[in-house]
Amino acid sequence: MDTAAPARTERPRARLVTPTTALRGAEIAAGATLAILFFQEFLQFSLFDPNLWLAYGPIFLGGLGGTIRFILLVIPISVILGFFLGWARISRHRVLVWPVTMFVDFFRGMPPLVLVIFAFLFGDDLIPQAIKDRLLAGIPLRVVSVTAAALAIAFHSAAYQAEIFRAGFQSVPMLQLEAAQALGMKPWQAMRWVVLPQTFRLSLPPLGNELAVVIKDTSLLAAVAGGEIVSRSQNFAGTLSISGYPVEWLFAIWTAVAISYFAATFTVTRLLLVLERRFHTPGLEAVSI
């Protein structure tokens, strides 16, 4: 007697736009409208003043491009480094655990602004001369120093992400690893097919929070005039009175900066939320550290 094959259940696709997201978008639009009305009615100033954007527009776009470049540099480095640091934290080899623990404790205990300033001032001196001669020849010292400051932000975030991934690794029950080995899997196969999928699922929510923080931390590069949107906007704002521009432009300048960081943070966290919903498994919830 033939039996019908069980129906295959497909995982529902995560939608990029959900009712909740649409509601949040409506709230943001309403808030932006109220802000524009506030500027126009109480300050007698329009955010869409063409004279403002004729003078500030190129500076804004140049700073926004710099911020995006720093974000694209910091996030991949911090995630990759944080993953391997988190894996090393649970290693059986003490020779790995001790230095990694020192790294994590040091960077978690330091204010990111102090790290940025220190890396900018002394980062070039910490690079071996052989690397300078081979890889950094011809690159201006200021570019190297600002890049070192950006890497300091990446290392600071990697220390926090290491704890996120460590908690994700340790959330996988040892019984599952023993079962995988009983089925004949090699250690790397058990890591690939059993541990890593669950680790990434569990780590996505707190990882999204940390990436939102590191995006905003790139504004600290303004302390060393890194060329991102905050430092360039600050320089332009300082010339308003000298150049004869209206002082009210200050509100528009920093509103544009705030909106830029909000858009970057919202985009990244939204993409991670889509991944979280796509790979969500009932009963396998997020880790807490």
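Just so you know, all these numbers are worked out from the coordinates, no wet-lab data involved. Quick caveat: nothing in here was measured; it's all calculated off a predicted structure. Heads up, the Cβs are rebuilt from the backbone with ideal geometry, glycines too, and the neighbour counts pull from every protein chain shown.
Between ARG69 and TRP188, what length comes free when the chain is fully extended (0.36 nm per residue of separation minus the Cα-Cα distance, one decimal in nm)?
On the way: separation 119, 0.36 × 119 = 42.84 nm, distance 3.49 nm.
Contour length minus Cα-Cα distance gives 39.4 nm.
If you wrap a convex hull around the Cα atoms of the stretch 197-242, how much volume per residue is inside, in Å³?
Each residue corresponds to 76 Å³ of Cα convex hull volume.
So what is the calculated 222 nm ellipticity per residue for the chain, using -39500 (n - 2.57) for each DSSP H run with n of 4 or more, over all residues, to the nearest 500 deg cm²/dmol?
Taken over the chain, the calculation gives -24500 deg cm²/dmol.
Roughly what % of Cα-Cα distances in the chain sit above 36 Å, to the whole percent?
Summing the P(r) tail past 36 Å for the chain gives 34 percent.
Hull surface divided by four, with the convex hull built on the Cα atoms of the stretch 183-289: how many nm²?
Projected over every direction and averaged, the Cα hull of the stretch 183-289 covers 10.2 nm².
Using alpha carbon centroids, what distance separates the stretch 149-190 and the stretch 53-87, in Å?
26 Å
Tell me, what is the percent relative contact order of the chain, built from C-alpha pairs under 8 Å that lie six or more residues apart?
Relative contact order, the chain: 27 percent.
With a ≥ b ≥ c taken as the square roots of the eigenvalues of the C-alpha gyration tensor of the stretch 131-236, please select rounded if a/c is under 1.5 and otherwise prolate if a/b is larger than b/c or oblate if it is not?
oblate
Working out 0.36 nm times the residue gap between PHE200 and ALA225, then minus their Cα-Cα distance, what length gain in nm do you get to one decimal?
On the way: separation 25, 0.36 × 25 = 9.00 nm, distance 3.59 nm.
Value of the extension gain: 5.4 nm.
Could you tell me what fraction of 2.2 N^0.38 Å the Cα radius of gyration of the stretch 35-175 comes to, as a two-decimal ratio?
For the stretch 35-175, the normalised Cα radius of gyration is 1.48.
With a ≥ b ≥ c taken as the square roots of the eigenvalues of the C-alpha gyration tensor of the stretch 157-218, please select rounded if a/c is under 1.5 and otherwise prolate if a/b is larger than b/c or oblate if it is not?
Taking the square roots of the gyration eigenvalues as a ≥ b ≥ c, the stretch 157-218 is prolate.
For labels at TRP53 and ASP105 in the simple 7 Å Cα→Cβ model, what's the distance in nm?
In this crude label model, TRP53 to ASP105 measures out at 5.3 nm.
Contour minus end-to-end for PHE262 and LEU37, with contour as 0.36 nm per residue of separation and end-to-end as the Cα-Cα distance?
Working it through step by step, the gained length comes to 79.0 nm.
So for the pair ASP133, LEU121, with labels modelled 7 Å out along Cα→Cβ, what separation do we get in nm?
Computed distance between label sites ASP133 and LEU121 equals 3.0 nm.
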